[in-house]
Amino acid sequence: MPLKNAHKFTVPHLQVLSEKGTLDKKLDPGLSETQLLRLYRAMTLAREADQRMLRLQRQGRMGTFSPSTGQEAAACGPMLALSERDWLVPAFRELGAMLMRGVPLHRILLFWGGWEEGNVFPGVERTLPIAVIVASQIPHAAGVAYSLKYRGEKDAAVVCYFGDGATSEGDFHEGMNFAAVWKAPVVFICQNNHWAISTPQEKQTGSKTFAQKAIAYGIPGIQVDGNDPLAMYKATRDALDRANNGEGPTMIEALTYRVSMHTTADDPSKYRDTAEVEVWKSRDPLIRLRNLLNERGLWGEEKEAALLAEIKGEIDAEVRIYEHGIEARSDIAFDHVFASPGVELEEQRAAFLESRGGGSTNA
Amino acid sequence: MFEFKLPDLGEGIHEGEILKWYVAVGDTIAEDESLVDIETDKAAVTIPSPKGGTVVSLGGNVGDTVDVGMVITTIDDGDNASSAATPAAAQTRKAPAPEVEATPASAADPASTPRSETVKTPASAVTDPASTPHSASPLRVGPVPAAPATRRKAREMGLDLHMVPGSGPAGRVSLEDLERFAAGGGTATDAEEDLSASAGAISPGETGGIPFLEIEALPDFRRYGAIETKPVRSIRRKVAKKMTTSMILVPHVALMEEVDVTQLETFRRREKARREGQPGGHLSLLSFVTKAVTECLKAFPEFNASLDHFKGEIVYKTYYNIGIAADTPKGLMVPVIRGTDSKSILQIAADIERLGSAARDGKIAVADLQGGSFTITNVGPIAGKQLIPTINHPEVAILGMGRADEQAVVRDGDIVIRTILPVTLTFDHRIVDGADAARFMKKLVMLLSEPLNWLTEL
């Protein structure tokens, strides 16, 4: 009996705005001027804040963190497609996404400064804290999405970020499988920045793309130019539409690059070629979007200078709030796990405080 | 006035070396302008200034090692309130030779050179075990950095934290420090690090308490001709530290032998031809020697040990990790072949090739440079009939291989041509004696000169 094809698969690749500035009119999601300007501002804020955080860390004013320079399109583009009803489940390199959700920068500074309070975003809903434990957030996202479905919230979905390295973790499999089986409304965005600390893509996976991993779970996988903010927006928009139609999860592989170090405790020159970094620097997502704005007469040097000055003022103010400090409470860890803590947790809190000689201040 | 203390630039970094200053005293600097380049164990980074103002003082010269927590720059930012005092433990350790030239005044007048204050007391702990820390005066005044759990433990043990040498950043005292101190161990950090610290801080004229030892200021070489200077950095500095420590701490004795490897070489060449292109197919003589040494270490475990001079006990290792000295563009590195007792000679040869080239390309992982229990150095392929290698402290012995050559030797009254490998075993005479070394050597000779006999032991 001859062999037959059990199934055929394809992994599409999406680019809307090319490196050279060519816009594919058929694929153009048709963002309004306001949306384009909002996106550019968000990406610039993310870049400037990232650079400032690096200086703060070097000055000993903040702890180790994971810089996101170069990945702004992959972080910000999708956020434009989200509504307040949608959930964001970040990993640890989505500064731009969190800022777009309205998380104040000083909260992120508090987080990387070692404060538990940096996990709490007053006034911002449906946005989970930074997840440093690689891939741990994927099952969380699947669970959140399942609960949306269970409660019948048809106008809401979850966007979950993780890196290329996370796809090698067991949690990735569990989360993807669960979400796919239950058709949970979730968009998985894999930021393939080519390096999992010092592990390159070819040592991370035997797969040619990360997007194709989706196929095994029975969900669509699409590879997107992650430095193309319009493509990232479009792919997320389409995936959210699927989710809202009850068609279940989608996986987006955002092809981007970690231009900076893995974290501030890492020296990438020890394991990768600077020529490769230079190539990716020339694919800067900010330049690509700025060129489009220039072409449409929406931007210019004066506006750029004014924006940078405005953003610097904003960042300065946030740094001041962060450095002004907050009252430390050793039992903060008991506060935010459950909406209503319950008797057992309160007992544990009391026992903890007792063990520290009473009183909750002075961490 | 703002005092900028060196932050922990990575995770758990204790110190860094100053590579470059972007400013001089008296310069004006704006916030976030580049201030200094610092190299730590993890990375070389540029530190931007946390404040704008006038630079009042710099906390070290290029090449100096500075501790995390030490004030590296004082900036007059127009604010009169001074920031908190420097932790007592923070200190600069002067870079050696180049700085002597940079400060001719102190070099010429050793008496006026202030000796660096140090809270770490490696010299007394190593050379004078009798003076336990319990009888010493407090190491420091003011608050001692320590975690609450450590403070509680100290209270329970009835110990004053001021007396306990801390091994953490800015002299932070850990639970392990308390236990070590209570056991009478004294200093907390490993001996190698501490000895190097004090060696770096030595001043011309210093005797270190050793009779007749006098470390003189260097002459002004420029009187005799043109010179160039280059700071001792990175791997060169590590080698210098390790070698000085080993030579000062360990009584070295070397035993030399010439091994007839004719049979082994004939066999090896044939195998090599057969396995050309396979991993490990290069099948060097070194890989055979590595395996033979492993057999000797199994037979004589005291050569696979370390002397813990703090606890006064010998640590026997039940693992066999052989370091192979590698000549790299950056200097000497010693990649470690792990578990040589359970590897075939072919696997060992493959490991030597792989780790050797990783070391030469500067791509070797730190983990592959750690955990050795014995070292082999093979200068033979370059040149050299015999060498007396320095022990890779805290290992007990090292084997040096010279060049294997055909020689006219006498066998049964006739002069015949044989391939002779000269080897030298340098050993720590504190732990093993000459007769032990001779027995080790006898076994090594037997294995390498009679490989067929060896076969039955494998």
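The values are calculated or read from the model by the stated rules, or taken from the named source; none is laboratory data. Here the structure is a predicted model, which means the values were calculated and not measured. With ideal geometry, Cβ positions are generated from the backbone for all residues, glycine too; neighbour counts draw on all protein chains shown.
Computed quantities for the displayed model
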| item | result |
| --- | --- |
| Residues within the range B:1-36 that are free of Cβ contacts under 8 Å to residues at least 40 places away in the same chain, out of contact with any Phe, Trp or Tyr (no Cβ under 8 Å at 6 or more places or on another chain) and of a type in the set (D, E), tallied | 4 |
| Residue selected from the range A:249-265 under the condition in a loop (DSSP other than H, G, I, E, B) and touching a Gly at 6+ places or on another chain (Cβ under 8 Å), by the criterion farthest from the other protein chains (Cβ to nearest Cβ) | A:T256 |
| Residue ID - nearest to A:K270 (Cα to Cα), chosen from residues in the range B:360-391 that are part of a helix (DSSP H, G or I), out of contact with any helix residue (DSSP H, G or I) (no Cβ under 9 Å at 6 or more places or on another chain) and within 14 Å of chain A (Cβ to nearest Cβ) | B:V366 |
| Conditions (1) closer than 24 Å to B:D327 by Cα; (2) surrounded by fewer than 17 Cβ atoms within 10 Å (Cβ to Cβ); (3) in contact with a helix residue (DSSP H, G or I) (Cβ under 8 Å, 6 or more places away or on another chain); (4) at pLDDT 90 or above: number failed by B:K230 | (4) |
| Residue within the range A:34-49 that is surrounded by fewer than 23 Cβ atoms within 10 Å (Cβ to Cβ), out of contact with any His (no Cβ under 6 Å at 6 or more places or on another chain) and assigned to a loop (DSSP other than H, G, I, E, B) present | no |
| Residues satisfying the stated conditions in the range A:165-179, i.e. in contact (Cβ under 8 Å) with a residue 40 or more places away in the chain and surrounded by fewer than 20 Cβ atoms within 10 Å (Cβ to Cβ) | A:N177 |
| Any chance A:R55 is without any contact (Cβ under 8 Å) to a residue 12 or more places away in the chain, assigned to a helix (DSSP H, G or I) and either among the basic types (K, R) or not assigned by TED's automatic domain parsing to the domain that holds A:L255 (or both) | yes |
| Residue tally, condition surrounded by fewer than 23 Cβ atoms within 10 Å (Cβ to Cβ) and touching a Gly at 6+ places or on another chain (Cβ under 9 Å), over the range B:343-353 | 6 |
| Cβ-Cβ under 6 Å pairs, at least 6 apart or on other chains, the range B:49-70 side assigned by TED's automatic domain parsing to the domain that holds B:D32, far side among the basic types (K, R) | B:D64/B:K94; B:T65/B:R93; B:G69/B:K5 |
| Qualifying residue in the range B:53-68 (condition: surrounded by 16 or more Cβ atoms within 10 Å (Cβ to Cβ), touching a Ser or Thr at 6+ places or on another chain (Cβ under 6 Å), within 23 Å of A:W112 (Cα to Cα) and away from chain A (no Cβ under 13 Å)) | no |
| Number of positions in the range B:29-63 that are acidic (D, E) and touching a helix residue (DSSP H, G or I) at 6+ places or on another chain (Cβ under 7 Å) | 1 |
| Count of the range B:1-19 residues which are surrounded by fewer than 19 Cβ atoms within 10 Å (Cβ to Cβ) and away from every other protein chain (no Cβ under 14 Å) | 1 |
| Qualifying positions in the range A:200-231 - within 20 Å of A:L292 (Cα to Cα), in a helix (DSSP H, G or I) and in contact with a strand residue (DSSP E or B) (Cβ under 6 Å, 6 or more places away or on another chain) | A:L230, A:A231 |
| Qualifying positions in the range A:64-119 - part of a loop (DSSP other than H, G, I, E, B), under 19 Å from A:T263 (Cα atoms) and within 16 Å of the chain's Cα centre (by Cα) | A:F65, A:S66, A:P67, A:S68, A:T69, A:G70, A:Q71, A:P90, A:A91, A:F92, A:R93, A:E94 |
| Condition check for A:I311: modelled with pLDDT of 85 or more, under 22 Å from A:T127 (Cα atoms) and not in a strand (DSSP E or B) | no |
| Hits in the range B:252-268 - residues which are under 28 Å from B:D428 (Cβ atoms) and either part of a loop (DSSP other than H, G, I, E, B) or of a type in the set (V, I, T) (or both) | B:V253, B:V259, B:V261 |
| Matching entry among B:A84, B:A97, B:A89 (being closer than 30 Å to B:M163 by Cβ, away from chain A (no Cβ under 14 Å) and at pLDDT below 50) | B:A89 |
| Whichever residue in the range A:266-297 is within 23 Å of A:T64 (Cβ to Cβ) and in a loop (DSSP other than H, G, I, E, B) and, among such residues, is nearest to the other protein chains (Cβ to nearest Cβ) | A:D267 |
| Scope the range B:21-32; condition closer than 22 Å to B:R233 by Cα and within 14 Å of chain A (Cβ to nearest Cβ); matching residues | B:Y22 |
| Residue within the range B:415-434 that is surrounded by 13 or more Cβ atoms within 10 Å (Cβ to Cβ), without any contact (Cβ under 8 Å) to a residue 40 or more places away in the chain and within 12 Å of B:E257 (Cβ to Cβ) present | no |
| Filtered residues of the range B:33-52 (kept if assigned to a loop (DSSP other than H, G, I, E, B), modelled with pLDDT under 90 and facing chain A (nearest Cβ under 8 Å)) | B:K42, B:A43 |
| Test for A:R38: is it touching a Leu at 6+ places or on another chain (Cβ under 8 Å), of a type in the set (D, E, K, R), away from chain B (no Cβ under 14 Å) and without any contact (Cβ under 8 Å) to a residue 60 or more places away in the chain | yes |
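One line per residue, one yes/no per condition, for (1) acidic (D, E); (2) touching a strand residue (DSSP E or B) at 6+ places or on another chain (Cβ under 8 Å); (3) farther than 18 Å from A:R320 by Cβ; (4) not assigned by TED's automatic domain parsing to the domain that holds A:L45:
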site: A:L105; (1), (2), (3), (4): no, no, no, no
site: A:F121; (1), (2), (3), (4): no, yes, yes, no
site: A:I130; (1), (2), (3), (4): no, no, yes, no
site: A:V134; (1), (2), (3), (4): no, yes, yes, no
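Per-residue answers, yes or no, for (1) assigned to a loop (DSSP other than H, G, I, E, B); (2) touching a helix residue (DSSP H, G or I) at 6+ places or on another chain (Cβ under 7 Å); (3) under 11 Å from A:F210 (Cβ atoms):
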| position | (1), (2), (3) |
| --- | --- |
| A:D155 | yes, yes, no |
| A:C160 | no, yes, no |
| A:A166 | no, yes, yes |
| A:G175 | no, yes, no |
| A:A180 | no, yes, no |
| A:I189 | no, yes, yes |
